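*Asks:* This is the structure I want to talk about, given as structure tokens.
The values are calculated or read from the model by the stated rules, or taken from the named source; none is laboratory data. Note that this is a predicted model, so its numbers are computed, not measured. Cβ placement follows ideal geometry from the backbone for every residue including glycine, while neighbour counts extend to all protein chains displayed. The protein model used for the area step is the full one, side chains on, heavy atoms only, and it has no ligands, DNA or RNA in it. Shrake-Rupley method; radii C 1.70, N 1.55, O 1.52, S 1.80 Å.
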Amino acid sequence: MSPEKTFYLETFGCQMNAHDSEKVIGTLQREGYRRVESEEEAGLILYNTCSIRDKAEQKVFNRLNDYKKLYKSGKRFGVLGCVAQQEGEKIFERAPYVSLVSGSASYRKLPEMLHRLEAGESRITGLDDRQTDETFETEFTARQNPYRGYITIIEGCDKFCAYCVVPYTRGKERSRTSTSVLEEAKRIADLGYSEIQLLGQNVNSYRDSEGKLSFAELLAAVSQISGIRRVRFTTSHPRDFTKDIVEVIDAYPTLCDHIHLPIQSGSNRVLKAMAREYTRDWYLERISWMKAAKRRISLSTDIIVGFPGETPDDFIQTMDLLAEVQYDCVFGFKYSPRPNTPALVMIDSIPEAEKAQRLQVLLERQREIQRVSYSRHLGEVMEVMVEGQNPARGQVSGRSSQNKSVNFTTGSPIAPAPGTYMQVRITATHPNSLVGEAL
């Protein structure tokens, strides 16, 4: 008998990466591999990497270095994802024990690359250029979440924001057909999933290659699939955010009343330097559409502080925007230079201490905004989908349609299963979560 084929896969980074890993795992299992829980147990060790954050590639090389001793026992290593595409064959030079380097645009070739690996090749690359039209579609997705199914509807990015490495690591924007998306959504529903989350670097930039459905029409179609109770989507880009997206959320209660719309800065001058290609007023018009909706739509965003050339006045404009919009959640970051991006040539003269101070000020202000925002839910009854439990507190944890964390008690000795929907009355509020009692 041939030895058993085993693999270990660790995922870094965003939800897109996490879902890519689900598809990679399914592909490996289809090729006869069994997943194990540690590097020591595995014959093939894979790291699916992200290059968005500062020092991301160094973290990957540190992890590889930690386990390179296993190479002598016959184990093989592979680096997947954005760092793989960014660093390319330089990975072989820095870590000669790595045998496979593949960017996400090449995952559809994984079976072929695995066969070459099994045949003894020691330097296998899957590094497509950004012009590929192919997407990674597979029926063999090994879904890790028992209640929420993820579907990537668009890959890559054409926006080329000055600070962002994604267009260089994931290639150009390329959308799946609406037919294939709906077929996958139906398969997920048939498997018992009740929540679907549509994914894309810029999910609302979706362009049906069949020409059948707009993004808003695709949302409506997915929301009407039998068995589906919630549909989410992330991440939207302001340049492609259209009014019909708000209208379809109003029209179909299955579509969750939450939108994540990154602003990055409240200053037009900084937005221009970032190459975001919209203005503060353009963005606020889209916010006005959401605030005029029949349903109360929860809003979240991304903000970068300390971008090269950001003045104290620019930062004040961002703080003013925070007060005007009243977000329910803000993901704040200090600017850090990323490889190959246009911002690399800009003078980054803002000290790290000043960036850290601006970020702290922003997050403290946002915490106060959320304290007020969340307090409005006191006494409200909301539907919560169970995600887990906290035995130490005797609470069940879940999430509302607005993507807010809810911790609640049930009065039952048996905790409800993940994926269960419950009506919960809110009895207390915090800046980042709600507390309640199941009815």
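*Asks:* Taking strands (runs of 3 or more DSSP E) that do not extend beyond region 347-439, which have at least 3 residues that are in contact (Cβ under 8 Å) with a residue 24 or more places away in the chain and within 27 Å of the chain's Cα centre (by Cα)?
*Replies:* Working: elements: 381-390, 395-400, 405-409, 421-429, 434-438.
Correct list: 381-390, 395-400, 405-409, 421-429.
*Asks:* What do you reckon, is Thr125 in contact with a strand residue (DSSP E or B) (Cβ under 8 Å, 6 or more places away or on another chain), under 17 Å from Asn48 (Cβ atoms), surrounded by 22 or more Cβ atoms within 10 Å (Cβ to Cβ) and modelled with pLDDT of 90 or more?
*Replies:* no
*Asks:* Go through region 318-346 and report how many residues are assigned to a helix (DSSP H, G or I) and either open to solvent by 70 Å² or more (accessible area, probe 1.4 Å) or not polar (S, T, N, Q) (or both).
*Replies:* Summing the residues that are assigned to a helix (DSSP H, G or I) and either open to solvent by 70 Å² or more (accessible area, probe 1.4 Å) or not polar (S, T, N, Q) (or both) in region 318-346 gives 11.
*Asks:* Would you check which residues across region 318-336 are aromatic (Phe, Trp, Tyr) and farther than 14 Å from Ile304 by Cα and list them?
*Replies:* Result: Tyr327, single match.
*Asks:* Across region 116-163, which residue is farthest from the chain's Cα centre (by Cα) among those that are over 30 Å from Met274 (Cα atoms) and of a type in the set (A, V, I, L, M, F, W, C)?
*Replies:* Per the criteria, the residue is Ala119.
*Asks:* Would you please name the residue that is farthest from Thr242 (Cα to Cα), looking only at residues in region 192-229 that are of a type in the set (Asp, Glu) and in contact with a Lys or Arg (Cβ under 9 Å, 6 or more places away or on another chain)? Lay out the reasoning, then the answer.
*Replies:* Of the residues in region 192-229, the ones of a type in the set (Asp, Glu) are 195, 208, 210, 217.
Narrowing further to those that are in contact with a Lys or Arg (Cβ under 9 Å, 6 or more places away or on another chain): 195, 208.
Working: Glu195: 24, Asp208: 16 Å.
If we take residues in region 192-229 being of a type in the set (Asp, Glu) and in contact with a Lys or Arg (Cβ under 9 Å, 6 or more places away or on another chain), then Glu195 is farthest from Thr242 (Cα to Cα).
*Asks:* Pull out all pairs, ordered by first then second residue, where Cβ-Cβ is under 6 Å, the residues are six or more apart or on different chains, the first lies in region 85-102 and is touching a residue at least 12 places away in the same chain (Cβ under 8 Å), and the second is part of a loop (DSSP other than H, G, I, E, B).
*Replies:* Once the first residue is touching a residue at least 12 places away in the same chain (Cβ under 8 Å) and sits in region 85-102, its partners that are part of a loop (DSSP other than H, G, I, E, B) give Gln85/Gly103; Gln86/Ser51; Gln86/Pro339; Gly88/Leu127; Phe92/Arg123; Ser99/Ser122.
*Asks:* What pairs can you find where one residue is in region 3-18 and closer than 15 Å to Glu37 by Cβ, the other is in a helix (DSSP H, G or I) and hydrophobic (A, V, I, L, M, F, W, C), and their Cβ atoms are less than 7 Å apart, with a gap of 6+ or different chains?
*Replies:* Once the first residue is closer than 15 Å to Glu37 by Cβ and sits in region 3-18, its partners that are in a helix (DSSP H, G or I) and hydrophobic (A, V, I, L, M, F, W, C) give Phe7/Leu28; Leu9/Val24; Leu9/Ile25; Thr11/Ala18.
*Asks:* Separate question: For region 62-82, which positions are assigned to a strand (DSSP E or B), free of Cβ contacts under 8 Å to residues at least 40 places away in the same chain and aliphatic (A, V, I, L, M)?
*Replies:* Passing the criteria: only Val79.
*Asks:* To continue, here is another question. Within 28 Å of Gly149 (Cβ to Cβ) and either modelled with pLDDT of 95 or more or of a type outside the set (A, V, I, L, M) (or both): is that true of Thr420 in this structure?
*Replies:* yes
*Asks:* Only residues that are of a type outside the set (Phe, Trp, Tyr) and either touching an Asp or Glu at 6+ places or on another chain (Cβ under 9 Å) or open to solvent by less than 10 Å² (accessible area, probe 1.4 Å) (or both): list them for region 94-108, please.
*Replies:* Matches in region 94-108: Arg94, Ala95, Val98, Ser99, Leu100, Val101, Ser102, Gly103, Ser104, Ala105, Ser106, Arg108.
*Asks:* Conditions: (1) touching a strand residue (DSSP E or B) at 6+ places or on another chain (Cβ under 9 Å); (2) part of a helix (DSSP H, G or I); (3) over 21 Å from Ser122 (Cα atoms); (4) open to solvent by 70 Å² or more (accessible area, probe 1.4 Å). Glu57 meets all but one. Number of the miss?
*Replies:* Among (1) touching a strand residue (DSSP E or B) at 6+ places or on another chain (Cβ under 9 Å); (2) part of a helix (DSSP H, G or I); (3) over 21 Å from Ser122 (Cα atoms); (4) open to solvent by 70 Å² or more (accessible area, probe 1.4 Å), the lone unmet condition for Glu57 is (4).
*Asks:* Has region 275-295 got any residue that is in contact with a Gly (Cβ under 8 Å, 6 or more places away or on another chain) and open to solvent by less than 10 Å² (accessible area, probe 1.4 Å)?
*Replies:* Looking through region 275-295, none of the residues is in contact with a Gly (Cβ under 8 Å, 6 or more places away or on another chain) and open to solvent by less than 10 Å² (accessible area, probe 1.4 Å).
*Asks:* If you scan region 122-149, which residues turn out to be within 29 Å of Gly74 (Cα to Cα), touching a Lys or Arg at 6+ places or on another chain (Cβ under 6 Å) and not polar (S, T, N, Q)?
*Replies:* Once the filter is applied, which keeps residues that are within 29 Å of Gly74 (Cα to Cα), touching a Lys or Arg at 6+ places or on another chain (Cβ under 6 Å) and not polar (S, T, N, Q), region 122-149 yields Ile124, Gly126, Phe140.
*Asks:* Looking at region 77-93, which of its residues are surrounded by fewer than 21 Cβ atoms within 10 Å (Cβ to Cβ) and within 20 Å of Glu39 (Cα to Cα)?
*Replies:* Result: Phe92, single match.
*Asks:* Take the residues in region 212-257 that are out of contact with any helix residue (DSSP H, G or I) (no Cβ under 9 Å at 6 or more places or on another chain) and open to solvent by 30 Å² or more (accessible area, probe 1.4 Å), then tell me which one is farthest from Glu383 (Cα to Cα).
*Replies:* Checking each candidate, the answer is Gln224.
*Asks:* I'm checking my understanding of the structure. Among residues of region 383-423 that are surrounded by 11 or more Cβ atoms within 10 Å (Cβ to Cβ) and among the hydrophobic types (A, V, I, L, M, F, W, C), which one is farthest from Ser300 (Cα to Cα)?
*Replies:* Step by step, filter region 383-423, then rank; the result is Ala415.
*Asks:* Lys272 - would you say it is within 30 Å of Asp348 (Cβ to Cβ), out of contact with any Pro (no Cβ under 6 Å at 6 or more places or on another chain) and without any contact (Cβ under 8 Å) to a residue 40 or more places away in the chain?
*Replies:* The answer is yes for Lys272.
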